[in-house]
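Each remark here refers to the structure printed beneath this line.
The values are calculated or read from the model by the stated rules, or taken from the named source; none is laboratory data. None of these values were measured; they are calculated from a predicted model. Here the Cβ is made from the backbone with ideal geometry for all residues, glycine too, and neighbour counts use every protein chain on show. For the accessible areas, the whole protein counts, side chains as well, though only heavy atoms, and no ligand, DNA or RNA atoms are used. Shrake-Rupley method; radii C 1.70, N 1.55, O 1.52, S 1.80 Å.
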Amino acid sequence: MSFADNTYFQEKFAGLSLADETLKSLTYDECAFDGCSIIGAKYVNCRFVNCKFTNCALSAVSLLNCRFMEVVFTDSKVIGIDWTKAQELDDITFKHCQLNYSNFKLLKIPGIKMTDCEVKDVDFTEADLTKGDLKNSDFEKSRFVKTNLTGADFKGAKNYFIDPRSNTLKKTRFSYPEVLALLNGLDIIIE
């Protein structure tokens, strides 16, 4: 698909299909993406402001120097994304999404929302997830190392391995019985 304009305001993109295309210096403001398939595309210096992605598939998409502000992904597959290449992530929300094989390493994304998501094999090493809403998500094989989880909410979350000795857990919320997983990194015997 060819984008004739550089700026899109309150546009609706339904069924958009992009594969291995490069898109540069585009701004999407208050746009809605519904049922779109974006595979292997490269976004360079693009901005997404107050946009909504619903029932979309984004896979192995490159986000070089892109900005995401007040963006909501719902019922979407957002897989294999290296979010560390983006320039800014502010007030980003994922609801009922698959975020597998993604990278959030070293990112400061306080208040991020990942609720009811599949977040498998994702790297959160040294990320700041302060006050993140991570409820009811599956974190199987995801990495939390030196991650700031102050005030984060893991209620209903499962399959996480978080070593309390190497992560910041102040006023972090967990639910029972999953909270017992915090003991896995300790050399203790529970009988």
- Note on the structure: Scoring the chain by relative contact order with C-alpha pairs under 8 Å, at least six apart, yields a percentage of 11
- Message: Probe of 1.4 angstrom, ligands and nucleic acids ignored: what's the accessible area per residue over region 1-76, in square angstrom?
- Response: 49
- Item | Alpha-carbon centroid distance for the pair region 52-130 / region 159-191, whole angstrom | 24
- Run the quick spin-label model on Ser175 and Glu88: label points 7 Å from Cα toward the beta carbon, then report their separation in nm to one decimal. 3.5
- Can you tell me which of 143-150, 183-190, 36-43, 9-16 comes out highest on packing, and rank the rest after it, using the mean Cβ neighbours within 10 Å? 143-150, 36-43, 9-16, 183-190
- ³J(HN,Hα), Karplus 6.51/-1.76/1.60, whole Hz, each residue of region 12-28, x for Gly, Pro: 10, 10, 10, x, 4, 10, 10, 9, 6, 9, 10, 10, 10, 6, 9, 10, 10
- Relative contact order (%) - region 58-139, alpha-carbon pairs under 8 angstrom, separation at least six: 25
- What is the extension gain from Ala19 to Val145, computed as 0.36 nm multiplied by their sequence separation minus the C-alpha to C-alpha distance, in nm to one decimal? 42.0 nm
- Accessible area expressed per residue, region 99-154, with surrounding protein chains retained (probe 1.4 Å, Å²): 40
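Ranked highest first by the average count of other Cβ atoms within 10 Å around their residues, in what order do 76-84, 20-28 fall? Intermediate values should be presented prior to the final figure.
Working: 76-84: 19.2, 20-28: 14.8.
Output ranking for 76-84, 20-28: 76-84, 20-28.
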- Query: Got a sec to turn the phi values of region 97-114 into Karplus ³J(HN,Hα) couplings, 6.51 cos²θ - 1.76 cosθ + 1.60 with θ = phi - 60°, whole Hz, x for Gly and Pro?
  - Reply: 10, 9, 10, 4, 6, 9, 10, 10, 4, 6, 7, 9, 10, x, x, 4, 10, 9
- Task: Report the residues of region 1-37 in range of a label on Asn55: point 7 Å along Cα→C-beta, backbone N strictly under 14 Å from it.
- Result: 13-16, 33-37
- Query: Tell me, what HN-Hα J-couplings in whole Hz come from the Karplus equation 6.51 cos²θ - 1.76 cosθ + 1.60 at θ = phi - 60° for each residue of region 117-132, using x for Gly and Pro?
  - Reply: 10, 9, 10, 8, 6, 10, 9, 10, 4, 6, 7, 9, 10, 3, 6, x
- Item | Accessible surface of the chain [probe 1.4 Å, protein heavy atoms]: carbon and sulfur percent | 47
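Which links in Lys77/Lys135; Lys12/Lys85; Lys42/Lys146; Lys131/Lys171 stretch past 21 Å when you go from one Cα to the other?
Violating the 21 Å Cα-Cα cut-off are Lys12/Lys85; Lys42/Lys146.
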- Cα extents of the chain along the three principal axes, largest first, in whole Å? 65, 25, 25
- Message: Skipping prolines and chain starts, which residues have an amide H placed within reach, meaning under 5 Å, of the one on Lys146, given they are 5 or more residues away or on another chain?
- Response: Glu126, Asn167
